[in-house]
Amino acid sequence: MGTHFSNNSFASKVYKHNSLPVYISDEFTFYRCVNVEDWVYGTTISKLHSGNLRLNDMNGRYSKLFPDEKISYWADYKSTALAEIRRHKGNKNYLTFQAYDDVSSTFPSLGVAEDLIIIDGREVGFSSILLKIEEGIEISAEEEGIVREIKELEPDCLAYNSVAKEGGVNFLFFEKGFKKLALREVQLYLGEGGKKNSKTIACAITCDYSPVISSYGKYFEPIARVKDDSDYCNTDEYQLRNRYYMESLGRISRFYEGLKRNELD
């Protein structure tokens with residue numbers, strides 16, 4: 001047991017590749033902040049979260065390195081995520097997504113029973129590769145080899161140093177890894193113009209990340225109000241999440257029933 005990332009539970013198991021900085025573990029918390037615009041209002045949490053996985057526009061530095069991948073940007077702490085949007089001249093009206101790897105939940109609802117596979121790019125100089133791409137500097141043959149090796153390993157995400165916050169860590173998720181993330185909560189914070197207001201929608205509760213599936217059908221309205229989209233419970237996504245959740249409840253129930261029978265015997 002142990003941890004290699006500060007946002008990884010200390011008690012979580014960690015498996016490391018013998019020669020490469022590849023880590024297989026669970027019990028992570030991730031944060032993502034985005035500035036609020038009109039499209040946020042009236043959009044369900046489900047759709048907002050789906051929008052965190054970006055199509056490749058071939059313009060960004062990550063797009064150039066991983067042209068065949070959909071990608072999503074997360075951070076180890078809220079302070080790191082906030083520093084990232086401020087670096088890009090963001091304002092004080094923002095959404096904060098707090099996510100976790102679904103397999104860590106006592107009652108997983110995504111049907112994915114795999115730990116996260118993370119490559120620690122900090123150990124192979126990935127941050128310097130990103131800076132070169134951002135500044136239009138050609139990367140070396142050795143650095144091209146690192147990128148090629150990362151692609152071949154097909155990890156869930158890639159960790160690298162944050163430029164916006166000293167000591168902060170960013171996580172570049174690929175589509176495979178993004179599908180392993182469930183939301184703990186989403187907070188709308190309005191702080192522009194000296195007026196502060198906020199509202200939080202909880203998508204999982206308690207220390208064992210028990211999901212509140214119906215919360216994915218909630219949405220924000222201006223001046224930090226929360227409403228429900230009653231149609232969400234009729235969607236395929238809700239039905240699938242609920243099915244996996246009920247299956248996990250059944251497994252836990254059967255486990256405790258077995259313990260009781262053993263005690264009686």
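Brief remarks follow.
- Leading residue by the ranking (nearest to P108 (Cα to Cα)) among those in segment 178-200 that are in a strand (DSSP E or B) and among the small types (G, A, S): A182
- Selected residue (only one of S63, S19 is modelled with pLDDT under 75, open to solvent by less than 10 Å² (accessible area, probe 1.4 Å), among the small types (G, A, S) and not in a strand (DSSP E or B)): S63
- Residue in segment 95-102 that is over 30 Å from Q239 (Cβ atoms) and open to solvent by less than 50 Å² (accessible area, probe 1.4 Å) present: no
- Filtered residue count, segment 202-213, keeping only those that are of a type in the set (S, T, Y) and surrounded by fewer than 16 Cβ atoms within 10 Å (Cβ to Cβ): 2
- Qualifying residue in segment 156-165 (condition: touching a residue at least 60 places away in the same chain (Cβ under 8 Å), open to solvent by 50 Å² or more (accessible area, probe 1.4 Å) and within 17 Å of the chain's Cα centre (by Cα)): no
- Filter result (open to solvent by 40 Å² or more (accessible area, probe 1.4 Å), in a loop (DSSP other than H, G, I, E, B) and in contact with a strand residue (DSSP E or B) (Cβ under 8 Å, 6 or more places away or on another chain)) within segment 103-122: T106
- Top-ranked residue in segment 124-155 [being closer than 21 Å to L181 by Cα and modelled with pLDDT of 90 or more; ranked as least open to solvent (accessible area, probe 1.4 Å)]: P155
- Leading residue by the ranking (most open to solvent (accessible area, probe 1.4 Å)) among those in segment 214-248 that are among the hydrophobic types (A, V, I, L, M, F, W, C) and over 14 Å from G111 (Cβ atoms): I223
- Of the residues examined, K78 is one that is of a type in the set (K, R), modelled with pLDDT of 95 or more and open to solvent by 40 Å² or more (accessible area, probe 1.4 Å).
- The condition of being under 27 Å from I137 (Cα atoms), at pLDDT below 95 and open to solvent by 10 Å² or more (accessible area, probe 1.4 Å) does not hold for E27.
The values are calculated or read from the model by the stated rules, or taken from the named source; none is laboratory data. Worth saying up front: this structure is predicted, and the values here are computed from it rather than measured. As a convention, Cβ positions derive from the backbone with ideal geometry for all residues, glycine included, and neighbour counts pool all protein chains shown. These area figures cover heavy atoms from the full protein model, side chains too; ligands, DNA and RNA do not enter into them. Shrake-Rupley method; radii C 1.70, N 1.55, O 1.52, S 1.80 Å.
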